[in-house]
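The values are calculated or read from the model by the stated rules, or taken from the named source; none is laboratory data. Computed from a prediction, not measured in an experiment: that's the story for all the values here. Please note: Cβ atoms are built from the backbone with ideal geometry, for glycine as well, and neighbour counts cover all protein chains shown.
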Amino acid sequence: MSWIFIRKLMLFSLFLILHVTCAAAGDEGGALHLFCHNWFGKEALSTPLSLTDTNIIVSAVTLDGQPSGWIFRTDQVPPSCKGKRGQIAVLVAIGTDARIKGLTVLAHQEDPPYFRRLKDSFFSQFRDKRAGDEAVKIDAVTRATFSSKAIIRDVMEGAKNVISLPEVAAQLKSPNKGG
């Protein structure tokens, strides 16, 4: 092999690695921004919170420079709940009133025939539920019990943990601060 061919092959390999890495990173960021715009409005901006004393990853959402809510992934906020086959990553939006604005599943390893049983009617039960409210009742889905119960616990406990963060709790607009 010639030195020029090897050099071209190395450059192509480097390009391919960078392209795949950027595309993968862009997909997550794209989902976050799309979700942010769907639930908070097209002018909403999300920026990662720099949380002290924790490794929890949360993005703050602002609209016209004012706090509008927060977005987090359930696989990046405790507790770590697993379905039947593994972790289910759900992107969750919470408003400054400590209510869940919406959620979407990003990734899972569950059995497709069972996971497909989780329809909009299941996910819509979360909307406007108060994060941290112990009396919230969300029905699990028959024949997708492990998956639906894991999502319920992930979303509700994760939301409770997010609103209890000092950086978030200080900006809540409810009289009892979400509890």
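For segment 100-156, filtered to residues that are among the polar types (S, T, N, Q) and in contact (Cβ under 8 Å) with a residue 40 or more places away in the chain, the residue that is nearest to ILE88 (Cα to Cα) is SER147. Candidates are the residues of segment 101-136 that are over 24 Å from GLY30 (Cβ atoms) and polar (S, T, N, Q); the one that is surrounded by the most Cβ atoms within 10 Å (Cβ to Cβ) is GLN125.
Here's the yes/no breakdown for (1) touching a Phe, Trp or Tyr at 6+ places or on another chain (Cβ under 8 Å); (2) assigned to a loop (DSSP other than H, G, I, E, B):
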{"site": "THR62", "(1), (2)": "no, no"}
{"site": "SER80", "(1), (2)": "no, yes"}
{"site": "ILE100", "(1), (2)": "yes, no"}
{"site": "LEU103", "(1), (2)": "yes, no"}
{"site": "ASP133", "(1), (2)": "no, yes"}
{"site": "ASP139", "(1), (2)": "yes, yes"}
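Residue-level check: of (1) under 14 Å from the mean Cα position of the chain (by Cα); (2) not in a loop (DSSP other than H, G, I, E, B), PHE126 misses just (2). Restricting GLY132, GLY178, GLY86 to residues that are in contact with a strand residue (DSSP E or B) (Cβ under 9 Å, 6 or more places away or on another chain), at pLDDT below 90 and farther than 20 Å from THR47 by Cβ narrows the list to GLY178. Across segment 48-80, the qualifying residues are those that are within 22 Å of ASP128 (Cβ to Cβ) and of a type in the set (A, V, I, L, M, F, W, C), and the one among them that is surrounded by the fewest Cβ atoms within 10 Å (Cβ to Cβ) is LEU63.
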